[in-house]
Amino acid sequence: MDFPLLVSACLVGFRCRYDGKAKRNRQVVAMLEGHEWIPVCPEQAAGLSTPRTPMAFAGGTGVDVLRGTARLLQEDGRDVTNALIEASRFLTQLGKAWGMRIAILKEGSPSCGVTTTCVGEEKVKGKGIFAAFLEAEGIKTFSEETLPHEGKFNDF
Ligand code: SF4
C-alpha cells in the first residue's frame, strides 16, 4: 500500500467526541502500525466545540443529506447540516489531494458512521455525512467493526 489512510481522530485517542472523550480502538491502532495515516474529526473541522451538544439526522441519513432531503440537527434544534457539509467536502478534497483511497471511521456517528448512524434517538443503517462524501468521491470507507484484513488493502 503506497497511500496514506484517513482515520477518525477519536479512534486513535484524540478526545474530540461530543462528550469530550476519545474512543481509542486497539485493533485500529494496531492495524495502522507501519502505515502513514492522518487523523481527522469532521465535527471539529466544522467549527463545533468539544464537548458539544449531540446531533442526529432528521428525514434520512448522510446519503440523503447529499441529495438534499435530510438535515442534521443538534439536540437543542440547531441545524448543523451546512457546517458538516462544508467540513466533509473540505476533508474529502484534502484526502483526495493526498492520494488517500481508504478511510477507517467510527461506526454509529452522524458524521463518520459507515454502516450505522443515528436518526432522532434511533440507531439505523446508513452512513454519516463524512462517510457519504468520501464514498461519493471514491474513497473506500471501513469502520472499527468492518476492518478489512491487512492484505485486502492492496486491492484498493
Ligand atoms: S466519530 Fe468522527 S466526528 Fe465524531 S468525534 Fe470521532 S472523528 Fe469526530
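The values are calculated or read from the model by the stated rules, or taken from the named source; none is laboratory data. What you see is a predicted model; the values in this text were computed from it and never measured. Counting neighbours? That spans all protein chains shown, and the Cβs are built from the backbone with ideal geometry, glycine included.
Of everything listed in (1) crowded, with 20+ Cβ neighbours inside 10 Å; (2) of a type in the set (F, W, Y); (3) more than 15 Å from the ligand (Cβ to nearest atom), the single unmet condition for F3 is (1). Screening R24 on (1) of a type outside the set (D, E); (2) within 13 Å of the ligand (Cβ to nearest atom); (3) in contact (Cβ under 8 Å) with a residue 24 or more places away in the chain shows it passes everything except condition (3).
Checking each residue in segment 80-116 for being in contact with a Lys or Arg (Cβ under 6 Å, 6 or more places away or on another chain) and under 13 Å from A58 (Cβ atoms) picks out only T81.
Quick check on T141: is it assigned to a strand (DSSP E or B) and of a type in the set (S, T, N, Q)?
Values: assigned to a strand (DSSP E or B): yes; of a type in the set (S, T, N, Q): yes.
For T141, the condition - assigned to a strand (DSSP E or B) and of a type in the set (S, T, N, Q) - is met.
Residues in segment 27-47 that are acidic (D, E) and more than 9 Å from the ligand (Cβ to nearest atom): E33, E36.
Please verify whether segment 135-151 includes one or more residues that are of a type outside the set (F, W, Y), under 18 Å from Y18 (Cα atoms) and touching a helix residue (DSSP H, G or I) at 6+ places or on another chain (Cβ under 7 Å). Please lay out each step first, then the result.
Step one: of segment 135-151, the residues of a type outside the set (F, W, Y) are 135-141, 143-151.
From what is left, the residues that are under 18 Å from Y18 (Cα atoms) are none.
Checking segment 135-151: not a single residue is of a type outside the set (F, W, Y), under 18 Å from Y18 (Cα atoms) and touching a helix residue (DSSP H, G or I) at 6+ places or on another chain (Cβ under 7 Å).
T50 falls short on exactly one of the conditions (1) part of a helix (DSSP H, G or I); (2) within 11 Å of the ligand (Cβ to nearest atom); (3) farther than 26 Å from K125 by Cβ, and that condition is (1). Checking segment 31-45 against the condition returns no match, with no residue being modelled with pLDDT of 95 or more, exposed (fewer than 14 other Cβ atoms within 10 Å of the Cβ) and either in a strand (DSSP E or B) or of a type outside the set (F, W, Y) (or both). Out of G151, G120, G128, one residue alone is at pLDDT 95 or above and of a type outside the set (A, V, I, L, M). It is G128.
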